[in-house]
Each structure stands twice: as structure tokens, then as C-alpha cells.
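Heads up: the structure comes next, in C-alpha cells.
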Amino acid sequence: MWKVYDELIDPIPSTLKVDEAVIGKYWTFVRSAGRVGLAMSMKEISRPRCLPQNLQGMSLKELSASAKSWNFEEAALGIAAINAFWNGEGSKTAEASLNLGEKDSFKHWAGSVVGKKVAVIGHFPHLEKVLSGADELYILEKRPVKDDYPDSACEYLLPNMDFVFATGVTLINKTLPRLLELSAHCGIILAGPSVPLAPCLLKRGVIDLQGFVVTDPQKCVLGVKGETHSLIFDTGNRVSLRQSML
């Protein structure tokens, strides 16, 4: 089950150091040598934290290994560190990815899902409107709201879907490996700033990595800290990486 994580972590050079790490209300930020990675901050309280409070100077690879932690605050730091390597401006995968401009991942796929059975792991904004062409739409959430399915329904629903979308938070909470198994017949589109632009995921059943590349680190970290009203998506580019681009 940890192979997915090992493949994300192993290529990170041991020489890279953490220059800055910030846990904000909504986003977790890690910067290393000019590269920035983001991950969604997790509110769930789980295992005790083992990482030191001051992460500056720590090996980026060592911090990335925290993606395996069952303390979800540490796991978010680990995924943000992984993303600083794979999604950092100037990385090969960031340069190979397609800039989606104003389109989000669902608008990009809206035409393809018409008349299809679609499941989305995570209740993204405006889903029902953007994917209105789907014949059947199932939204699965850990904290369901009206008309959502609980996340445990994935075992029953995903094997029958034509399209499956999932948030990158599934890497933080460790559910992605099982979701990949359940969606092996159709593949998964991973979406959001927590998604690493890592080719190894494209070899494990992900058909589209719709992540985020930060181009203005200073503006981004101020937004993460809540010191400005800037939205995270104002500090970089939504991007898509697929096997055909490599």
C-alpha cells in the first residue's frame, strides 16, 4: 500500500532543504529552493505530532516521508513537501503540464461525461452545475451534506462508474490506493492543489493529474497565513498532466 508514496518520495534529492513551512487554516505551504508545494490543511485530530515545530533546514525528502503519517497535519506537510518537488515552478513535470487557464478540472471534462455515470470523491464547488450533463452523478463525502453519499459508499459505487474524480486529499488521508483499485476499469482524474504532478501516478491508474503550480510564492504564503485576501488560485496556474504529455 505504501508503494505509491515511496514512488513519490524516492526521486526527491536529499540535498533539497525546507526553507519555509506554514500550516494555514485552509492550506499547508512548503517552500524549498524557490519551489512551492501546497496541500489542504486537515482539521481532523488523529495521532500525536512527531515533527518538530521548526521545520526550516530539514531535508525536503525527510519531510516528504511524513505523507505516510497518521497524524493528518503531518501528512499534509508531507504532501506539500512532495508537491514542492513535483509541482514547483521550473520542475520538468510542471513545465510539461498544460495550463488550464480559467478552467477547473470539471469544466475540462464536462463534455466527456455527458450521458455517463460519474462519481466524485469530495464535494467540490458547483459540481452539480458543471457536470449536469452526466446521466448519473454521485458525490461522496466524509462529512456528507444534502444528497451526498458517505465516503464508505465507494466500495459499492465506484466499480460501476464510467468516470471517477477524486480530490488530492485522498493522498493525505491514505484512501487513494484503494480508490485506484476500485476504479481500475476506468481510471481516476485527480484534482486540486494537493495533487502531485508525478508521472508514477499516471502508471497506477490516474488518467489526468489536475494540480496547481504556484508562480508567486510570496503572494501565496501571505494568502495561506491569512494576511491578504488573495485566493490561492490567484497565485499560480491550474494545470493538467497526462501520459501523452510526457
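Things to note:
- Taken over the range 124-141, the criterion of being closer than 17 Å to M161 by Cα and either in contact with a Ser or Thr (Cβ under 9 Å, 6 or more places away or on another chain) or at pLDDT 90 or above (or both) is satisfied by L131, S132, G133, A134, D135, E136, L137, Y138, I139, L140, E141.
- Candidates are the residues of the range 190-229 that are assigned to a helix (DSSP H, G or I) and within 19 Å of N99 (Cβ to Cβ); the one that is most open to solvent (accessible area, probe 1.4 Å) is K219.
- Only one entry of N71, N54, N87 meets the criterion of being farther than 17 Å from N173 by Cβ and either more than 17 Å from the chain's Cα centre (by Cα) or open to solvent by 40 Å² or more (accessible area, probe 1.4 Å) (or both), and that entry is N54.
- In the range 156-174, the residues that are part of a loop (DSSP other than H, G, I, E, B) and either among the polar types (S, T, N, Q) or open to solvent by 30 Å² or more (accessible area, probe 1.4 Å) (or both): D162, N173
- First in the range 20-42 and farther than 13 Å from L60 by Cβ and assigned to a strand (DSSP E or B), second anywhere and among the acidic types (D, E) and at pLDDT 95 or above, Cβ under 7 Å, 6 or more apart: I23/E73
- Cβ-Cβ distances below 8 Å connect no pair with a first residue in the range 45-56 that is outside any loop (DSSP other than H, G, I, E, B), a second residue that is open to solvent by less than 60 Å² (accessible area, probe 1.4 Å) and of a type outside the set (D, E), and a separation of six or more residues or different chains.
The values are calculated or read from the model by the stated rules, or taken from the named source; none is laboratory data. Worth saying up front: this structure is predicted, and the values here are computed from it rather than measured. With ideal geometry, Cβ positions are generated from the backbone for all residues, glycine too; neighbour counts draw on all protein chains shown. Accessible surface is based on the protein model in full, side chains and every heavy atom, while ligands, DNA and RNA are left aside. Shrake-Rupley method; radii C 1.70, N 1.55, O 1.52, S 1.80 Å.
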